[in-house]
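Student: Pasting a structure here, questions to come.
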Amino acid sequence: DAMVIQNPRYQVTQFGKPVTLSCSQTLNHNVMYWYQQKSSQAPKLLFHYYDKDFNNEADTPDNFQSRRPNTSFCFLDIRSPGLGDAAMYLCATSRERGGALNEQFFGPGTRLTVL
Amino acid sequence: GNSVTQMEGPVTLSEEAFLTINCTYTATGYPSLFWYVQYPGEGLQLLLKATKADDKGSNKGFEATYRKETTSFHLEKGSVQVSDSAVYFCALAESGGYNKLIFGAGTRLAVHP
């Protein structure tokens, strides 16, 4: 089945130690998104890629970076995780950004713990 | 700016009860509206959507109608099941631009036998 895959499902890192979360998709969608979801809160968009074009949300901290080496993969890099970065990180894809093709498909998420 | 407000949870119901989860929005233009569901330990799944005023989205017995006059998109189900226990998120996609999704805070639903 076509899907959005996130690895690992659970990630533990130490305060200040860089960490990378992975997302892959078999849907061949043009757009990939990264959301941060803290406990009992709504998902918050960090950034998205439209093909190779990176789009950062204005309030996303510089500590968060992303890479998309090809259509299928997208990575979230947290350069120096703080305790406040502990959250569920959700990857999503959509075929296009607008119109009727803007439905977003979500992966299962990676829960990040910062010690 | 654009925003979504949902009723606070948790909502606790007995099986076969009627469900309503209220959602109102603030937006410029004509957004698309969505309900997403998140089961424990999983990502979000699209439950239903509506793209213009008076549209009704429906799926798996759930329904919601896009009401522009009251800026609402309330989720309803006539008879809930234990398997409906999850967190439900109302969301809007801004018209124009790249249709960024803006979520409400989520409403946890617990259905007991």
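Student: What order do you get for A:32-42, A:61-71 when each peptide is scored by the mean count of other beta carbon atoms within 10 Å, highest first? Walk me through the intermediate numbers first.
Tutor: Values: A:32-42: 18.9, A:61-71: 14.1.
Ranked by mean Cβ neighbours within 10 Å, highest first: A:32-42, A:61-71.
Student: In what order do A:PHE106, A:PHE15, A:PHE75 fall by count of nearby beta-carbon atoms within 10 Å, going from fewest to most? Show your work: numbers first, answer last.
Tutor: Working: A:PHE106 21, A:PHE15 11, A:PHE75 16.
Going from least to most buried by this count: A:PHE15, A:PHE75, A:PHE106.
Student: Calculate the all-directions average of the projected area of chain A's alpha-carbon convex hull, and give it in nm². Please list the in-between numbers first.
Tutor: Details: hull surface 28.1 nm².
The directionally averaged projection comes out at 7.0 nm².
Student: What Kirkwood hydrodynamic radius, in Å, does the stretch B:10-53 give when the mean of 1/r is taken over all pairs of distinct Cα atoms and then inverted?
Tutor: Numbers: mean 1/r = 0.0761 Å⁻¹.
Taking the inverse mean of 1/r over all distinct Cα pairs, the stretch B:10-53 comes out at 13.1 Å.
Student: Give me B:THR65, B:THR28 sorted ascending by neighbouring Cβ count inside 10 Å, so fewest comes first. Numbers along the way, then the final one.
Tutor: Working: B:THR65 17, B:THR28 10.
The most exposed by this proxy come first: B:THR28, B:THR65.
Student: Within straight cross-link reach of A:LYS52, meaning Cα distance under 19 Å, which aspartates and glutamates are found once same-chain residues fewer than 8 apart are removed?
Tutor: A:ASP77, A:GLU96
Student: Out of the GluC sites (Glu not before Pro) in the stretch B:12-88, which ones are loop residues according to DSSP with at most 16 other C-beta atoms within 10 Å? Walk me through the numbers before you get to the answer.
Tutor: Details: sites: B:GLU15, B:GLU16, B:GLU42, B:GLU63, B:GLU69, B:GLU76; in loops: B:GLU15, B:GLU16, B:GLU42, B:GLU69.
Hits after loop and neighbour filter: B:GLU15, B:GLU16, B:GLU42, B:GLU69.
Student: Show me the three semi-axes of the equivalent ellipsoid for chain B, from the C-alpha gyration tensor (sqrt of 5 times each eigenvalue), largest first, rounded to whole Å. Kindly include the intermediate steps, with their values, before the conclusion.
Tutor: Numbers: eigenvalues 116, 40, 28 Å².
Those come to 24, 14, 12 Å.
Student: When the Karplus curve 6.51 cos²θ - 1.76 cosθ + 1.60 is applied with θ = phi - 60°, which whole-Hz ³J(HN,Hα) does each residue of the stretch B:20-32 get, with x for Gly and Pro?
Tutor: Ordered by residue, 3J(HN,Hα) equals 9, 10, 7, 9, 10, 9, 10, 7, 8, x, 10, x, 8 Hz.
Student: OK, next. Give me the Å³ per residue figure for the convex hull around the C-alpha atoms of the protein assembly as shown. Don't jump to the answer; show the numbers that get you there.
Tutor: Numbers: hull volume 28.1 nm³, N = 228.
In the protein assembly as shown, the Cα hull volume divided by residue count equals 123 Å³.
The numbers here are math on the coordinates, done by the rules we state, and not lab data. Computed from a predicted model, the values in this text were never measured in an experiment. Glycine gets a Cβ as well: all are built from the backbone with ideal geometry, and neighbour counts include every protein chain shown.
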